[in-house]
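Only one structure is covered here, and it is reproduced in the block below.
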Amino acid sequence: MNPEAALLAGLLAGLFGSTHCLGMCGGIAGMLHAQLPGDKPWLAAGFHLGRIASYLLIALIATGIGMLPANLLPEHTVVVMRVGLGLMLIMMAFYIALPGRFRDLAGQAAAPLTRRMIPVLARFLPVKSFDNALGLGLLWGLLPCGLLYSVVAAAVLLADPLATTAMVLAFGIGTVPLLLGTGLAALKFRSAVNRRGLRWFAAGLLALTGLLVAAGPWLAHLIDHPWMHFLADCVS
C-alpha cells in the first residue's frame, strides 16, 4: 500500500470515525480547552500535536513489529499481510457506515476509564505554556481507543514506516475538527459528517481501497483492462 492510499485511508477513518470521540474524549477535550488562558487559545494546538505524536509513536512501534515477519519470511507473509490489511480497511469502512448511535457505543463503553483519567490530567492544569499543553496531549494520546487500535493493527500489516506515518498523521488530523471545537461548533460538525450520503460515500472509498489492497493484483490479472490496472496501481 503506497503512502498516498494510506493517507486517504487514515483521513477518512479519522474524519468520519471520530464521531465516537465526543463520548470517549469529549469530557477531556472540554476540560483541557476550558483551562486555556484567555489570551492564549493557540495553546490548544499543543494538545493535539502531543496526542498525534503519541499515536505516531505507538504506530511506528507496531510497524517495526510487522516488519519482522515481512523481512524474515517474505514469500509467505506478504500476501497474508496484504489481505489482512485490506480486510482491516474494509472493517473500518463498515464502522464508518454504521449509524451514529452504534458508533457511540464504543465511546460510551470507554467513558468510565476516561473519567478516571481526568483527575490524572488535572494535576498538570492549568495550562501555562506550550510545553505544558504538549505534555498533556502526549498523555491524552495514550488513552485506549478502539479506532486508534484499528489504525495500529493496520500499521502492523503495512510494515512500512512511510505509509504508516502518512496514515497516522492523516488519521490524527481527521480527528482534530471534532475535538478542537466545543459546544455548538462540535455538534454542528458532528451533524455534518454524520450525513448518511456523505458517510456512505467515505465508507465506500475506504472499502474500495481495502478491496484493492487485498485483491488488487488478482483483480488486475482477472480483469485485463486499463482502468483495473490503474485502480490496482493506485494502492500498490
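The values are calculated or read from the model by the stated rules, or taken from the named source; none is laboratory data. Since the model is a prediction, treat every value here as computed from it, not as a measurement. Reconstructed Cβ throughout: ideal geometry from the backbone, glycine too, with neighbour counts over all protein chains shown.
Quick notes on this structure:
- Lone unmet requirement of (1) modelled with pLDDT under 80; (2) assigned to a helix (DSSP H, G or I); (3) over 19 Å from Leu179 (Cα atoms) for Asp39: (2)
- Residue count for region 1-31 under the criterion of being at pLDDT 75 or above and either in contact with a Gly (Cβ under 8 Å, 6 or more places away or on another chain) or in a helix (DSSP H, G or I) (or both): the result is 15.
- Within region 163-187, residues that are modelled with pLDDT of 85 or more have Cβ atoms under 6 Å from residues that are buried (at least 19 other Cβ atoms within 10 Å of the Cβ) and among the hydroxyl-bearing types (Ser, Thr, Tyr) in these pairs: Thr164/Thr63; Val168/Tyr55; Gly172/Tyr55, counting only partners at least 6 apart in sequence or on another chain.
The rows are residues; the columns are (1) part of a loop (DSSP other than H, G, I, E, B); (2) modelled with pLDDT of 75 or more; (3) loosely packed, with under 12 Cβ neighbours inside 10 Å; (4) not hydrophobic (A, V, I, L, M, F, W, C).
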site: Leu198; (1), (2), (3), (4): no, yes, no, no
site: Phe201; (1), (2), (3), (4): no, yes, no, no
site: Ala207; (1), (2), (3), (4): no, yes, no, no
site: Trp227; (1), (2), (3), (4): no, no, yes, no
site: Cys234; (1), (2), (3), (4): no, no, no, no
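- In the set (1) modelled with pLDDT of 80 or more; (2) over 22 Å from Pro177 (Cα atoms); (3) crowded, with 22+ Cβ neighbours inside 10 Å, the condition left unmet by Leu60 is number (3).
- Against the test of being on the phi < 0 side of the Ramachandran plot, of a type in the set (A, V, I, L, M), at pLDDT 70 or above and touching a Lys or Arg at 6+ places or on another chain (Cβ under 8 Å), the options Leu125, Leu138, Leu134 yield a single qualifying residue, Leu138.
- Residue satisfying all of: in region 128-162; among the polar types (S, T, N, Q) and assigned to a helix (DSSP H, G or I); nearest to Gly172 (Cα to Cα) among these: Ser150
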